[in-house]
Amino acid sequence: MSAQRKIWHNGSLVDWDEATLHVGSHGLHYGMGFFEGLRCHATPAGPAIFRLTDHLARLARSAAAYLIPLPYGIDDLGEACRQVVRANELTDCYLRPVMYLGTGENPFRAPWHISIIPSANGPLVGAPKDTGVRAKVSSFNRIATNVIPPAAKATGQYLNSYLAQLEAVTSGYDEAVLLNTQGQVTDGWAHNLFTVRDGVLTTPSLSSGALAGVVRDTLLTLAAEAGIAAGADILTRTDLYFADECFLTGTAAGIVPVVNVDGRPVGDGKVGPITQQLTSRYAEVITGATADHADWRELV
């Protein structure tokens, strides 16, 4: 990322090199922070951030799970995201709002900071999406609800995801899938997960520990509109093996087909028709190629 980029930091646009974190920050030492990932797309009406308000509302919920209020309102942060896109003259880009604990006498007295970081490309999202990826069910379980709230996008808890993905990659796979301590599928290491079996689209229920993903919610809506039977339910490891199709979803990655799980081909080992249909429909919606769901595309 170019050092000439501007970052929104605690209420002001600053140069990339000025948006620094002190080594004494509690957020660095203890992983105390919350974050979101947003995509801005070029649309016929101009650059638009997809479901901006929904993402920032989730950031507020994540912080609230730890009894922390946002240091700025959702509307203010929304305008800050727009400022970052405009100031960097970006169209298609990725934005990372991150809220973290600063320095202080102890973690309970330190101030909270927030920054919005732009990227032209976004984070690494694994193997090419056109041919699909190979996934491994991790030996690391998803953190339990009474250990750390999995519904929050808190920075420190992503060590759990890191371990799962590290295991998958070093074992020769592309992506990790995590189970909870009851053996139920929760999600990928940084993505929600869907299966298709006998024409029915299913994603793990939130009660299993899956994150309430914005793209997850988007696809459930789009599937229902397309007449595809869709819903959330309990999934087990063998449901992945017996699926006709499987894919991962996330703001950074979009829709990533899974064609193999634990060395077993999913369906015929190729990207399935429902996955292809939803991928095309999702692309239409986020880029404004359709007038549908215009409220999801929040113009810069």
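The values are calculated or read from the model by the stated rules, or taken from the named source; none is laboratory data. Note that the coordinates shown come from a computational prediction; the quantities given were computed from them, not determined experimentally. Ideal geometry is used to build each Cβ from the backbone, glycine not excepted, and the neighbour counts take in all protein chains shown.
The table below lists the values:
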quantity: Pair list, Cβ < 7 Å and 6+ apart or interchain, from the range 142-168 residues that are touching a residue at least 12 places away in the same chain (Cβ under 8 Å) and over 22 Å from residue 214 (Cα atoms) to residues that are surrounded by fewer than 14 Cβ atoms within 10 Å (Cβ to Cβ) and among the hydroxyl-bearing types (Ser, Thr, Tyr); calculated: 167/139
quantity: Test: residue in the range 164-182 that is touching a Leu at 6+ places or on another chain (Cβ under 7 Å), over 21 Å from residue 61 (Cβ atoms), modelled with pLDDT of 95 or more and not β-branched (Val, Ile, Thr); calculated: yes
quantity: One residue from 23, 14 being hydrophobic (A, V, I, L, M, F, W, C), at pLDDT 95 or above and not in a strand (DSSP E or B); calculated: 23
quantity: Subset of the range 50-92 [among the aliphatic types (A, V, I, L, M), at pLDDT 95 or above and out of contact with any helix residue (DSSP H, G or I) (no Cβ under 7 Å at 6 or more places or on another chain)]; calculated: 59, 63, 64, 65, 67, 68, 80, 84, 85, 87
quantity: Pick from the range 26-55, criterion in a helix (DSSP H, G or I) and not β-branched (Val, Ile, Thr), ranking: surrounded by the most Cβ atoms within 10 Å (Cβ to Cβ); calculated: 52
quantity: Test: residue in the range 291-298 that is in contact (Cβ under 8 Å) with a residue 12 or more places away in the chain, outside the structural domain of residue 41 (by TED's automatic domain parsing), part of a helix (DSSP H, G or I) and surrounded by 14 or more Cβ atoms within 10 Å (Cβ to Cβ); calculated: yes
quantity: So residue 271, is it in contact with a Gly (Cβ under 8 Å, 6 or more places away or on another chain), farther than 26 Å from residue 185 by Cα and not acidic (Asp, Glu); calculated: no
quantity: Subset of the range 60-105 (residues that are part of a loop (DSSP other than H, G, I, E, B) and over 26 Å from residue 46 (Cβ atoms)); calculated: 65, 66, 67, 68, 69, 70, 71, 102, 103, 104, 105
quantity: Residues located in the range 20-66, provided they are under 13 Å from the mean Cα position of the chain (by Cα) and of a type in the set (D, E, K, R); calculated: 36, 39, 51, 54, 58
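So that you can scan it fast, the table gives a plain yes or no per residue for (1) closer than 15 Å to residue 185 by Cα; (2) in contact (Cβ under 8 Å) with a residue 60 or more places away in the chain; (3) buried (at least 22 other Cβ atoms within 10 Å of the Cβ):
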residue	(1), (2), (3)
220	no, no, no
238	yes, no, no
241	yes, no, no
245	no, no, yes
249	yes, no, yes
254	no, yes, no
